[in-house]
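Structure record follows, encoded as C-alpha cells.
We did not get these values from a lab; they are worked out from the coordinates using the rules stated. Not measured: the values here are computed from a predicted model. Cβ placement follows ideal geometry from the backbone for every residue including glycine, while neighbour counts extend to all protein chains displayed.
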Amino acid sequence: MELLKEIANISGQSGLYRILKPTRTGVIVESLDGKKTRSVVGANARVSVLKDISVYIEDHQDAALPLANIFLKIRETHGEKVELNTKNATEADLFDFLATVVPNFDRERVHGSDVKKMISWYNIISANLPEAFEVEAVTVATEEEAKTEEA
C-alpha cells in the first residue's frame, strides 16, 4: 500500500487528505471525499502520514504492526466496507473488531478512539481510493509468480 505515503490525517480536521506538493509555507492537500477540495496546510499544523502510523502489539515492548498491514487484513476479513457503526459502538465492540484483524494488539496502549479512526480511515480509502488495495494485490501476485519460477 505505497499510496499511504501520500495520504495524511490533519489534526483538527475531519477526513483524510492526499498530499499533492510542498510549498514554502506548508503543503497543498486535496480532500479524499467527493468534493476533492484543495487547500494549503501550514507548517505548524500536525500532519500525520498514514504510512508512518502503526499499532502496538503484545509480542514485544516496542513491537508494532504498520497500518497498511492492518488495512489489508481488514480487506480480507470484512471486504470493501466495515459495517460497524463507530458512533454507537462500545469500546468492547471496537476491541472485538480489532481482535478479529489483529488478535495480539496491545489492549493497554491502543484506545477505542484509535480503532474508530482506523475504521473511518479504512472506509474513506476503500470508497475514494480503491486502487490503494489493487496495487498491493498485483505486487503479491508478482512475488508469488517469482517464487514459482524459482522452484
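Among the trypsin sites (Lys or Arg not before Pro) in segment 1-66, those placed in a DSSP loop whose Cβ has at most 16 other Cβ atoms within 10 Å are Arg24, Lys35, Lys36, Arg46.
Listed by chain and number, the lysines whose alpha-carbon sits under 19 Å from that of Lys117, ignoring those within fewer than 8 places in the same chain, are Lys5, Lys51, Lys73, Lys81, Lys87.
With the convex hull drawn around the C-alpha atoms of the chain, the volume per residue stands at 151 Å³. Remark: spin-label model distance Asp62-Arg107 equals 2.7 nm, labels positioned 7 Å along the Cα→Cβ axis.
Fully extending the segment from Asn69 to Thr25 would add 12.6 nm, taking 0.36 nm per residue of separation and subtracting the current Cα-Cα distance. Projecting the alpha carbon convex hull of segment 59-99 along each direction and taking the average yields 3.7 nm². In the chain, helical runs assigned H by DSSP with n ≥ 4 each contribute -39500 (n - 2.57); averaged across all residues and rounded to the nearest 500, the mean residue ellipticity at 222 nm is -13000 deg cm²/dmol.
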